[in-house]
Structures are given as C-alpha cells and as structure tokens.
Amino acid sequence: MSQSISIIPLIRNWRTIAFAGALGLVCAVLLSFVRPLEYSSTTRLLITQELGDVDAYTSARSTERIADILSSVVYSTDVFDSVMASGYPVDKTYFTSDETKQRKKWARALVTSVSRSNGYLTITAYHIDVAQAEQLVRAVAYILRTDGWQYVSGGNISVRIIDDPLNSHYPVRPNFIINGVSGFVLGLLAGAGYVLIMVERLKLRHQVVHED
C-alpha cells in the first residue's frame, strides 16, 4: 500500500520528471562536445605459444595469460616510445611533451580486449584523424608482433595479425547515444527525487500547521 502511495506523486508530476529527463539528455549531449570527435581503427592479433606436450587446458590458460600481459603492456611508456620510433607515420606532436599528459593521452588513445576462448587480442586506436588512428594501431600491432616476446616470461610465443585494421567511417567517441540515454535516465531519477522531496516537505508543513 505504501508503495502505491509513493508512486502517486510521481504520476501526478510526470511533466516535471519528463522535463528533468529531457534537460539531462540535452546537457549530456552538449557536454559530449567538450571532447573532440574521434575515429577508431581496430585490428586483431592471435597469440599462440609452443609449450610442447601439454594438455589443451594448460595451453589455453598460458595463452590467455600472455594475451593479458600484452594487453596491459600496450599502455606502457616503453611501447609508446617503440611506436614513435617504429617508422610508421604517427604524428608525434599529437601527444604532448609533458610526460604526465602524454601518458594519459596515450592510455586514452588505445583500448584492448582479450578473448578468453581463443587467445585473440583486439586493439582499437582512437584519433581525431582516422588515418592516424590506423597508423597507431598498425604500429602497436607491429611492436607486439616483433617484440612481444620481450614482455612475457618464457619464449616460443607467436603474435600474428589476423585482421587488418578496420576504420570507422564516422566519429565513434564520444558516443552521443550512450551519453544521451545516460543523461536522460539520470535526469529522470533527479526529477523523481526532486518531486518526492517536495512532497515530503509539503507533508511536514501540513503537520506543523495542524500541530499549531
């Protein structure tokens, strides 16, 4: 019974809640323009390791561990320096000379993920220029393919590029749809909270009046 009573003020004030949701949506979309529009380029690598006579489970776990290590090491300064010295036409001026900002920008420029079932390592690079995004992901894939063994314990690993970079045709960051939906939902919650708070205040006022 108490639940139905608490819903009544929300239904009566649905316009206020809807307005708050719409306001949240608009604000979220507008705030998305604070960051520059970025394109993406994605490649996929296959990680394998020669372990000799071991069972399939042990081999798969070892491959996952190596893929996880390489997935993490991509964000390191060592890989960044190697990419800049790789010979790929990456715009070095895009990453500032300030080391702290440089690391943050480098970490934001890349996203990695590991497929647990088959040892695939997916790398996505983001840049305001789609051609630069492609060069970034090509350079990172090259570094892992040629020097990946240096970052893991044990040898006999193989890193193979199985998917050429796939570039986005349109900017993918920021994601206006996700941001808009998130802003709308938060706006609805804020609007509902505001309505409930105002209802409680009115109740308290009525109680004070009746007590007087």
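The values are calculated or read from the model by the stated rules, or taken from the named source; none is laboratory data. Quick caveat: nothing in here was measured; it's all calculated off a predicted structure. Ideal geometry is used to build each Cβ from the backbone, glycine not excepted, and the neighbour counts take in all protein chains shown.
Given the structure, is R145 touching a residue at least 60 places away in the same chain (Cβ under 8 Å) and either more than 15 Å from S62 (Cβ to Cβ) or in a strand (DSSP E or B) (or both)? Criteria met by R145. Mind checking whether some residue in the stretch 40-47 is at pLDDT below 95 and of a type outside the set (A, V, I, L, M, F, W, C)? Within the stretch 40-47 (the criterion being at pLDDT below 95 and of a type outside the set (A, V, I, L, M, F, W, C)), the answer is no, since none of the residues qualifies.
Is at least one residue of the stretch 132-139 among the small types (G, A, S) and under 15 Å from T42 (Cα atoms)? I'd like the intermediate steps shown before the answer.
Within the stretch 132-139, the first condition is being among the small types (G, A, S), and the residues that meet it are 133, 139.
This time we only want the ones that are under 15 Å from T42 (Cα atoms), so: 133, 139.
Yes, there is a match, as at least one residue in the stretch 132-139 is among the small types (G, A, S) and under 15 Å from T42 (Cα atoms).
Determine, yes or no, whether R173 is in contact with a Lys or Arg (Cβ under 9 Å, 6 or more places away or on another chain), basic (K, R) and surrounded by 14 or more Cβ atoms within 10 Å (Cβ to Cβ). Criteria met by R173. Listed conditions (1) exposed (fewer than 14 other Cβ atoms within 10 Å of the Cβ); (2) assigned to a helix (DSSP H, G or I) are all met by P36, apart from (2). Taking interchain pairs and intrachain pairs at least six residues apart, which have beta carbon atoms under 6 angstrom, with the first residue in the stretch 9-34 and closer than 11 Å to Y194 by Cβ and the second surrounded by fewer than 17 Cβ atoms within 10 Å (Cβ to Cβ) and at pLDDT 90 or above? Taking only residues 6 or more apart or on different chains, the pairs are A20/A190. For the stretch 117-144, filtered to residues that are surrounded by 24 or more Cβ atoms within 10 Å (Cβ to Cβ) and small (G, A, S), the residue that is nearest to the chain's Cα centre (by Cα) is A125. In the set (1) in the same structural domain as I17 (by TED's automatic domain parsing); (2) modelled with pLDDT of 90 or more; (3) not polar (S, T, N, Q), L204 fails one condition alone, (2).
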